[in-house]
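Below: one structure, written as structure tokens.
The values are calculated or read from the model by the stated rules, or taken from the named source; none is laboratory data. A quick note: this is a predicted structure, and the numbers were derived from the prediction, not measured. Neighbour counts are summed over all protein chains in view; Cβ atoms, including those assigned to glycine, are modelled from backbone coordinates with ideal geometry. Surface areas here come from the heavy atoms of the whole protein model, side chains and all, with no ligands, DNA or RNA. Shrake-Rupley method; radii C 1.70, N 1.55, O 1.52, S 1.80 Å.
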Amino acid sequence: MKFKPNDYFLKQYPDLLNTKEVGEILRISTKTVCKMIHEGEIKAFSVARKTLVPKVYLLQYISVSYTHLR
């Protein structure tokens, strides 16, 4: 069975996530989230000195990570 993440478990979060919210979802620190963004593991962009991760990019990261674990 192929893993297809959906945004059901992310419904309580906005479509654009800050690094704190990404850390809560992945259960990692915001420092680690920033490192992953800087290294290109998670796609993100900056607006007015805030780093934002679209929910679809986070789902893409989760899907790719899960695939590599198998």
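Suppose we keep only residues that are in contact with a strand residue (DSSP E or B) (Cβ under 7 Å, 6 or more places away or on another chain) and not basic (Lys, Arg) within the range 52-67. Which one would you say is farthest from Lys11 (Cα to Cα)? Here the residue is Leu52.
For the range 46-59, give me each residue that is of a type outside the set (A, V, I, L, M) and assigned to a helix (DSSP H, G or I).
Lys55, Tyr57
Here Lys43 passes the criteria (1) assigned to a helix (DSSP H, G or I); (2) open to solvent by 70 Å² or more (accessible area, probe 1.4 Å); (3) at pLDDT 90 or above except the one numbered (1). Among the residues making up the range 21-40, those that are open to solvent by less than 60 Å² (accessible area, probe 1.4 Å) and in a helix (DSSP H, G or I) are Glu21, Val22, Gly23, Ile25, Leu26, Thr32, Val33, Met36, Ile37.
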